[in-house]
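Asker: Quick one: the structure is below, and I'll ask about it shortly.
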Amino acid sequence: MSGKVTLVGAGPGDPGLLTVKGRAALAAADVVVYDRLVSPAVLDLIPGTARQIDVGKEASRHPVPQHRINQILLEEAQAGHSVVRLKGGDPFVFGRGGEELETLARAGVAFEEVPGVTSAIAAAAYGGIPVTHRSFSSSLHIITGHAREGASLSIDFDALVRARGTLVFLMGVTAMPIIVQGLLEAGMDPDTPAAMVENGTLPSQRRCDATLYTLPRQAAAMDIHSPALIVVGGVCALGKELCWFERLPLHGKRILVTRPRARAGTLADKLRSLGADVVECPCIETIPILPCPAMEAALRDLSAYEWLAFTSPTGVETFWFCLRELGRDARHLGGVKLAAIGPGTAKALADRGLTADLVPGTYDAAHLGGALADAARGKVLLLRAAEGSAALTDALARKGIAYDDIAVYQTLYLFPYTRALRKELEAGKIDAVTFTSASTVRGFLSTVGADADFSRTVGLCIGEQTAGEARKHGIPVRVAEKATIDSLVELVSHSFLGEQRKESKEKP
Ligand code: SAH
């Protein structure tokens, strides 16, 4: 049975601009054939089960010629696969999507097309430029600034100037001075507002504001590179006022997230929605210790304990798994009281229908220990990481409270030493590193090397114990108000507004 090709527009870069239909097509794909302009964040949405074929084209080099791409699509579909052909922006806007579909139509292969958000409109929009506006223009012209091989640009500049609409040039970075000259010679006012938007909709977006006359000089001064749009027309004057994207609190900030992969999502997404360029670096992974005879024995004899205490959602998950393995459920907990180090852990309990009886006012091991020591009469069962903080057990011991401290998961430092990351860090290109536990600090150190120069970044820490670990290694730190992810996100955005109480960078 023959397969099918779905030609999907990936949008200009921001993965949020991929359409719902495009996303569904990707989720169902056996094979994805993609171009250079599809952003890594969109490629991340391709399911692990799909085979990926990169046919990325460079402006002057064509690693995979168009006829070969057509052939790949045919072969894959004829082999019965569900193929997604993923293209930057909209496939029919200077994307050669039409040519690819013609090949399929002639061979009798089934196909569909899912339009995408074109960079011609979206990159301008993220640069604060509405491509039409009643006060400035009543038509929009999208023009290629790329000449066919061996030929010169064939643009009717007189017609464009006469039309008096907004002009958007794609693939025009190299030819920009020639385009500007063409428009000037055709009589366009040199003071006409003009702009370029580089890497539109991406965290690295930059906008160059100019007039038609000054554009070549200003773009050269900013060293604007492809992919970039050239926009010419009165609407460009609105960019300064309407450039909402570049005003997001974390725009242009490169922030490293060191959480384990499974838990990075929320923090990374929240930072991205504030405009940050998030680098995910899962320096640690938590691995449940299962089977765990010590935990099994304790759970069988749970009535020996007055309190059951957790210091992370992972601890709760591992405990719950073990309980179920023993053929028990929540009823088995009977009268035992539950303590959680903070709201995240309390939520992990609540997700299983259990309410924490105790959450300390400050969410760290020392305060949990202190609060438990005050509340406990009987024995405490701690189910936590193998290298859990001694601050908790010290607090219990000081008050003579009996406890069993059982390691139910281990932290592994899996991310390899990465020279490139260290270089970026030392060059001051990583504005901040987020740490959500002392173990993420240790994992980060094994990733970049403990002897790296940390003076050009800042460690944004969830709590005092985490900060203490970072300080020990000479990482300048700031500490979240409360030990929660939301508070950490707040710290990150405030750090770059200069509002947050901060420790001086000089102090190790
Ligand atoms: N089909 C695509 C355009 C392909 S032509 C679309 O609809 O967007 C490639 C050109 O698109 C680039 O040379 C550049 O001019 C423009 N472009 C693509 N992505 C862009 C981005 N994120 N920011 C600015 N320009 C972009």
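The values are calculated or read from the model by the stated rules, or taken from the named source; none is laboratory data. Quick caveat: nothing in here was measured; it's all calculated off a predicted structure. Glycine also receives a Cβ, built like all others from the backbone with ideal geometry; neighbour counts cover every protein chain displayed. Calculation scope for accessible area: heavy atoms of the full protein, side chains included, ligands and nucleic acids excluded. Shrake-Rupley method; radii C 1.70, N 1.55, O 1.52, S 1.80 Å.
Asker: For the range 147-160, what does the Karplus curve 6.51 cos²θ - 1.76 cosθ + 1.60, with θ = phi - 60°, yield as ³J(HN,Hα) per residue in whole Hz, taken in order and with x for Gly and Pro?
Answerer: 8, 4, 3, x, 9, 9, 4, 10, 10, 8, 4, 4, 5, 5
Asker: Taking the mean number of other Cβ atoms within 10 Å as a proxy for protection, how do you rank 430-439, 105-114 from highest to lowest?
Answerer: Values: 430-439: 24.8, 105-114: 14.4.
For the peptides 430-439, 105-114, the packing ranking is 430-439, 105-114.
Asker: Name the residue from 43, 92, 77 whose Cα lies farthest towards the positive end of the charge dipole of the range 33-148, charges +1 on Cβ of Lys and Arg and -1 on Cβ of Asp and Glu.
Answerer: Ranked along the dipole, the leading option is 92.
Asker: Measure out, as a whole number of angstrom, how far apart the alpha-carbon centroids of the range 293-350 and the range 363-418 sit.
Answerer: If you average the Cα positions of each part, the centres end up 14 Å apart.
Asker: Follow-up. Return the sequence-ordered ³J(HN,Hα) values of the range 12-25 in whole Hz as given by the Karplus equation 6.51 cos²θ - 1.76 cosθ + 1.60 applied to θ = phi - 60°, using x for Gly and Pro.
Answerer: x, x, 4, x, x, 9, 6, 6, 4, 5, x, 5, 5, 5
Asker: Okay, moving on. Hey, can you find the accessible area per residue of the range 1-123 for me, probe 1.4 Å, expressed in square angstrom?
Answerer: Values: 5630 Å² over 123 residues.
For the range 1-123, the solvent-accessible area averages 46 Å² per residue.
Asker: So what's the net charge close to residue 167: Lys and Arg +1, Asp and Glu -1, counting the other residues with Cβ under 14 Å from its Cβ?
Answerer: Once positives and negatives cancel, what remains is -1.
Asker: Something else now. What's the ranking of 342-351, 227-236, 327-336 by average number of surrounding C-beta atoms within 10 Å, highest first? Don't skip to the end; give the middle numbers.
Answerer: Details: 342-351: 19.3, 227-236: 24.6, 327-336: 11.1.
Answer by packing, highest mean first, reads 227-236, 342-351, 327-336.
Asker: Can you give the three extents of the C-alpha atoms in the range 423-475 along their principal axes, from longest to shortest, in whole Å?
Answerer: 27, 18, 14
Asker: Moving on to the next point. Looking at the range 1-95, which GluC sites (Glu not before Pro) are in a loop (DSSP not H, G, I, E or B) and have at most 12 other Cβ atoms within 10 Å?
Answerer: Details: sites: 58, 75, 76; in loops: 58.
Hits after loop and neighbour filter: 58.
Asker: Got a sec to turn the phi values of the range 479-489 into Karplus ³J(HN,Hα) couplings, 6.51 cos²θ - 1.76 cosθ + 1.60 with θ = phi - 60°, whole Hz, x for Gly and Pro?
Answerer: Karplus-based 3J(HN,Hα) across the range 479-489 equals 10, 5, 4, 10, 7, 10, 4, 4, 5, 5, 4 Hz.
Asker: Roughly how many debye, to the nearest 20, is the charge dipole of the range 252-317 about its Cα centre, given +1 on each Lys and Arg Cβ, -1 on each Asp and Glu Cβ, and no other charges?
Answerer: Details: 8 positive and 8 negative charges, 96 e Å.
Here the size comes out at about 460 debye.
Asker: If packing is taken as the average count of other Cβ atoms within 10 Å, what order do 149-157, 28-36 fall into, highest mean first?
Answerer: Values: 149-157: 11.6, 28-36: 19.6.
Per-residue mean Cβ counts within 10 Å order the peptides as 28-36, 149-157.
Asker: Past the 28 Å Cα-Cα mark, which pairs from 87/240; 423/472; 21/253? Mind showing how you got there, number by number?
Answerer: Details: 87/240 30 Å; 423/472 21 Å; 21/253 31 Å.
The answer is 87/240; 21/253.
Asker: Give the residue from 210, 476, 373 lying farthest towards the positive end of the charge dipole for the chain; charges sit on Cβ (+1 for Lys and Arg, -1 for Asp and Glu) and the dipole is referred to the Cα centre.
Answerer: So the residue furthest toward the plus end is 373.
Asker: A further question on this structure: Quick one: Debye curve from the alpha-carbon atoms of the chain only, equal weights, vacuum; give me log10 I(q)/I(0) at q = 0.07, 0.09, 0.12, 0.13 Å⁻¹ to two decimals.
Answerer: -0.53, -0.80, -1.11, -1.20
Asker: With angles folded into 0 to 90 degrees, how steeply does helix 66-78 sit against the dominant principal axis of the chain? Use alpha carbons for both and round to 10.
Answerer: Helix 66-78 sits roughly 50 degrees off the main axis of the chain.
Asker: Would you kindly calculate the translational diffusion coefficient of the range 66-107, applying Stokes-Einstein with the Kirkwood radius from alpha carbon pairs, for 20 °C and a viscosity of 1.002 mPa s, and quote it in µm² s⁻¹ without decimals?
Answerer: 201
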